[in-house]
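The values are calculated or read from the model by the stated rules, or taken from the named source; none is laboratory data. All values derive from a computational prediction rather than experimental measurement. Positions of Cβ are generated from backbone atoms using ideal geometry, with glycine treated the same way; all protein chains shown enter the neighbour counts. Accessible surface areas use protein heavy atoms only, side chains included; no ligands, DNA or RNA. Shrake-Rupley method; radii C 1.70, N 1.55, O 1.52, S 1.80 Å.
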Amino acid sequence: MKDIKLEQDDFQPLRNVVFNTLRDAILRGDLQPGERLMEIHLAKKLGVSRTPVREAISMLEQEGLAVTYPRRGAQVAKMTVKDLDDVLEIREVLDTLAASLACRNMNSDDINNLAVACADFEKATRGNDIREVVRTDEAFHNVIYEASGNPRLRAILLNLKGQMYRFRFEYVKDKSNYPFLIKEHKDILEALKTRNEEEVIKHTKKHLVNQMESVRQVILSQE
């Protein structure tokens, strides 16, 4: 285990600070797939009690970043092609539904918000903060979810966001993907501007399939 330091944040509960610290360590590769997450060891290393560590590990499990086995305890979860396919299979159905509904329901303010989100994402890709790239990518899609006019659908998609985070992070770690992501966002935006539902669905599916194929190659290279 590499040296892991607690990311200080006075505005969040300690369990969230520990969770963000461990999540970033997993996504950076400082905590490797299969590596054990021992409460006592992590608590000592981070300078906290076992309780926030235990709570943070539970939160990691909800995002698919950790798994607990009987008598063995928690460990960093391995990414598998099956996990990827399962999550993106669901997301393809839900995202295309949300995009289709947004195409019918979006008003001028929604279009402007999506254009701003698109520009924010492009700006983020010019920096070196991968978490900001992920955040702005999520923000782009959140505008579409909100504009769908279906709060239950939006809630389901936001709940799925945690399970998508690791795959999304892996995708944007490769900066060579940025030109494609920027173009795909712009294509979706333009299709929504013109209310072309068929094009909206086509570009949304293309966006998700490209992400899936890129992350699949990363997973296969690690096996």
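Key figures
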{"quantity": "Relative contact order for the chain, counting Cα pairs under 8 Å that sit 6 or more residues apart, in percent", "calculated": "21"}
{"quantity": "The range 173-194 and the range 108-165: distance between their alpha carbon centers, rounded to Å", "calculated": "12"}
{"quantity": "Nearest-10 value in Å² for the accessible area of K202, using the 1.4 Å probe", "calculated": "110"}
{"quantity": "Zone residues, the range 71-101, relative to R50, backbone N less than 20 Å from point 7 Å out along Cα-to-Cβ", "calculated": "71-76"}
{"quantity": "For the range 43-143, size of Cβ-based charge dipole, Lys and Arg +1, Asp and Glu -1, in debye", "calculated": "880"}
{"quantity": "Acute angle (nearest 10 degrees) that the helix 197-222 long axis makes with the longest principal axis of the chain, alpha-carbon atoms", "calculated": "30"}
{"quantity": "Exposure rank, largest accessible area first [D95, D109; 1.4 Å]", "calculated": "D109, D95"}
{"quantity": "Derived scalar couplings ³J(HN,Hα) [the range 116-126; Karplus, 6.51 cos²θ - 1.76 cosθ + 1.60; whole Hz; x for Gly, Pro]", "calculated": "5, 4, 5, 5, 4, 5, 4, 4, 4, 5, 8"}
{"quantity": "Taking N as its residue count, the alpha carbon Rg of the range 154-197 over 2.2 N^0.38 Å", "calculated": "1.43"}
{"quantity": "Nearest 10 degrees, 0 to 90: helix 151-173 Cα axis against the chain principal axis", "calculated": "70"}
{"quantity": "Those lysines that a straight Cα-Cα span of less than 30 Å connects to K45, excepting residues fewer than 8 apart in one chain", "calculated": "K2, K5, K78, K161, K173"}
{"quantity": "Selection from S221, V93, A56, by position along the positive dipole direction of the chain (Cβ)", "calculated": "A56"}
{"quantity": "Nearest-20 debye value, the chain charge dipole, Cβ charges on Lys, Arg, Asp, Glu", "calculated": "640"}
{"quantity": "Cα-centre dipole for the range 105-223 with unit charges at Cβ (Lys and Arg positive, Asp and Glu negative), debye to 20", "calculated": "200"}
{"quantity": "For A74, distant residues with modelled amide H under 5 Å away", "calculated": "L37, Y69"}
{"quantity": "Förster-model FRET efficiency, 35 Å R0, N210 and R71, C-beta, rounded to 0.05", "calculated": "0.25"}
{"quantity": "Pairwise FRET efficiency - R28 versus K123, Cβ, R0 = 30 Å, nearest 0.05", "calculated": "0.85"}
{"quantity": "Angle in degrees between helix 14-28 and the longest Cα principal axis of the chain, rounded to the nearest 10", "calculated": "80"}
{"quantity": "Karplus 3J(HN,Hα) series, Hz, for the range 99-108 with 6.51 cos²θ - 1.76 cosθ + 1.60 (x for Gly, Pro)", "calculated": "5, 5, 5, 4, 4, 7, 10, 5, 9, 5"}
{"quantity": "Area accessible to solvent at T68, 1.4 Å probe radius, in Å²", "calculated": "70"}
{"quantity": "Theoretical gain in end-to-end length, F180 to V218 [0.36 nm per residue, Cα-Cα removed]", "calculated": "12.0 nm"}
{"quantity": "Distance in nm between pseudo-label sites at D109 and Q12 (7 Å out along the Cβ direction from Cα)", "calculated": "3.0"}
{"quantity": "S221 - accessible surface, heavy atoms, 1.4 Å probe, Å² rounded to 10", "calculated": "90"}
{"quantity": "Heavy-atom accessible area ranking, 1.4 Å probe, most first, across S108, S148", "calculated": "S108, S148"}
{"quantity": "Listed residues H41, A77, A119: farthest to the positive end of the dipole of the chain (Cβ charges)", "calculated": "H41"}
{"quantity": "Full-stretch length increase - V81, R152 - with 0.36 nm per residue and alpha-carbon distance subtracted", "calculated": "22.7 nm"}
